[in-house]
Amino acid sequence: MTDRTSCCIVGGGPGGAILALLLSRLGVHTVLLEAKKDFNRAFRGDTVHPSTLEMLDDLGLATRLLDRPHGRLQRMTLRSGDTSTVLGDFSRLRTRFPFIAMIPQAEFLEFIVNEAKTYSCFDVRMGSRVTDLIIEEDGDGLVRGVRYRDDNGEHELRAQLTVAADGRSSHVRTLAGFETRPNAAAMDVMWVVLPRKDDEQGIDLTGFRVGHGRLVVVLARSTEWQLGYVILKGSRHTVKEAGLAALRTEVASLVPELADRVHTIDAWTDIHFLSVESSRIPTWHRPGVLAIGDAAHVMSPIAGVGINYAIQDAVAAANRLAEPLLAGTVSDADLAAVQHRRELPTRFIQRFQAIVQRLIVARALDGRPFRLPLAARLVSRVPGLRNLPARIVGWGIRPERSCTQRAGPRP
Ligand SMILES: Cc1cc2nc3c(=O)[nH]c(=O)nc-3n(C[C@H](O)[C@H](O)[C@H](O)COP(=O)(O)OP(=O)(O)OC[C@H]3O[C@@H](n4cnc5c(N)ncnc54)[C@H](O)[C@@H]3O)c2cc1C
């Protein structure tokens, strides 16, 4: 079966879902193809940043989103022994939303896609895995859409524009021939969740814990504590050989408040391994296809910005491409303009992540007694510098606002 649309978005993660919503609002016929049958995805990060909340507020959606149960991260603290240092204080940001909202990603995606479904030009096809690109035969390499597979078989979807929003292992990126360029990422993360008791709702354990050559990141979900046990790149097998009991002991000593429940980690299958990557593709586009989000730049988990950067790319893409999509005139220059707009913020945050990796993560893992480097101590203490990390993480440079004022047709 072959059908047509203006914009085919491959991947219903944060980048693809937001792009689909924004284009549909503007009346662009959009099909979102998602390989999975639902949005459930453990350990994918729940962080919705102030810049995203402001953008959603422009669309009248932030309040409704925040009416749902969620956590609020206001400060990022690093604790080493008895010393506690605030590395980022979001409550000092000048915004209606001076916090990072912790919303389970599945709920966030369902909320966005349900909103997109209120526009008649939007179509979501779950359980639809893209297998190939349709490429113009006459030699100019123009991408004309995709081939995908679902429970009913093989299909073709022709489109004026195909967007690769299919994440860090993007298949469309490979099919389009985009080369990836890795940056250094000297760590891996083992994610685990521990139960959060009802009477712990007001308790904030969020932040980094450092000690004995170990580093744990603690994040608060509404019913769980999410812990990222950070290890040197490639040392997963050493941790496994040491055994689960050793891991439980390490976690308990770094986060003694949760020592009473580390026994709930009782199998390696409870632990989700993340091979940390950081990379960028030099060119995000070719005629008929554009990569956004992780497909264009895989982010290190430092500062939890991957979701936000995927969303910011989507907003920039919708702002630049809606008019040419409606007019049927999308050119490679339009796609290049999206990359041009987003490349600087992306390079900047990846540089910031590399600095944090070198100054904090590498030192925390090298086994010697940990001392926060002078630069980090200055940033946390000097009044003029204190707001900088929260601004960089919460806003980034040149945060995108949607110019979507005109609503598209509703069914
Ligand atoms: C363990 C882990 C923890 C993380 N924690 C955080 C965090 O705390 N904060 C943060 O900001 N970021 C975090 N991230 C990163 C964050 O998840 C990503 O940066 C973000 O989700 C990127 O969004 P995206 O829309 O580009 O891609 P993704 O969210 O990866 O979405 C891609 C979608 O494409 C679909 N897909 C893949 N291939 C195909 C295909 N061939 N056809 C159709 N669909 C396809 C996938 O099923 C998926 O739904 C984490 C990542 C991991 C792996």
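Scanning segment 176-194 for residues that are touching a strand residue (DSSP E or B) at 6+ places or on another chain (Cβ under 6 Å) and farther than 16 Å from ASP294 by Cβ returns MET187, ASP188, MET190, TRP191, VAL192, VAL193, LEU194.
Under the condition of being within 25 Å of the chain's Cα centre (by Cα) and within 16 Å of ALA259 (Cα to Cα), the residues counted in segment 192-207 number 8.
Residues in segment 156-174 that are of a type outside the set (Val, Ile, Thr) and either outside any loop (DSSP other than H, G, I, E, B) or over 11 Å from VAL10 (Cβ atoms) (or both): GLU156, LEU157, ARG158, ALA159, GLN160, LEU161, ALA164, ARG168, SER169, HIS171, ARG173. Taken as a whole, the structure places GLY145 among residues that are surrounded by 15 or more Cβ atoms within 10 Å (Cβ to Cβ), outside any loop (DSSP other than H, G, I, E, B) and of a type outside the set (A, V, I, L, M, F, W, C). Between a residue in segment 365-383 that is not assigned by TED's automatic domain parsing to the domain that holds GLY228 and any residue that is charged (D, E, K, R), which pairs come within a Cβ distance under 8 Å, given they are 6 or more apart or on different chains? Once the first residue is not assigned by TED's automatic domain parsing to the domain that holds GLY228 and sits in segment 365-383, its partners that are charged (D, E, K, R) give LEU365/ARG214; PHE370/ARG363; ARG371/ARG363; PRO373/ARG363; VAL379/ARG386; SER380/ARG386.
When segment 279-314 is filtered for residues that are at pLDDT below 95, β-branched (Val, Ile, Thr) and more than 9 Å from the ligand (Cβ to nearest atom), only ILE302 remains. Cβ separations smaller than 8 Å between residues 6+ apart or across chains give the following pairs from segment 101-126 residues that are within 14 Å of ASP67 (Cβ to Cβ) to residues that are of a type in the set (Val, Ile, Thr): ALA101/THR47; ALA101/VAL48; ILE103/VAL48; PHE108/VAL48.
Under the condition of being surrounded by fewer than 24 Cβ atoms within 10 Å (Cβ to Cβ) and either under 26 Å from HIS70 (Cβ atoms) or of a type in the set (Gly, Ala, Ser) (or both), the residues counted in segment 26-48 number 13. Quick check on my filter: what residues within segment 47-72 are modelled with pLDDT of 90 or more and part of a strand (DSSP E or B)? Residues satisfying the conditions are THR47, VAL48.
For ASP266, the test of being loosely packed, with under 14 Cβ neighbours inside 10 Å, of a type in the set (Asp, Glu) and farther than 16 Å from ILE203 by Cβ is passed.
The values are calculated or read from the model by the stated rules, or taken from the named source; none is laboratory data. Given the structure is predicted, the values throughout are model-derived calculations rather than measurements. Note: ideal-geometry Cβ built from the backbone for every residue, glycine included; neighbour counts use all protein chains shown.
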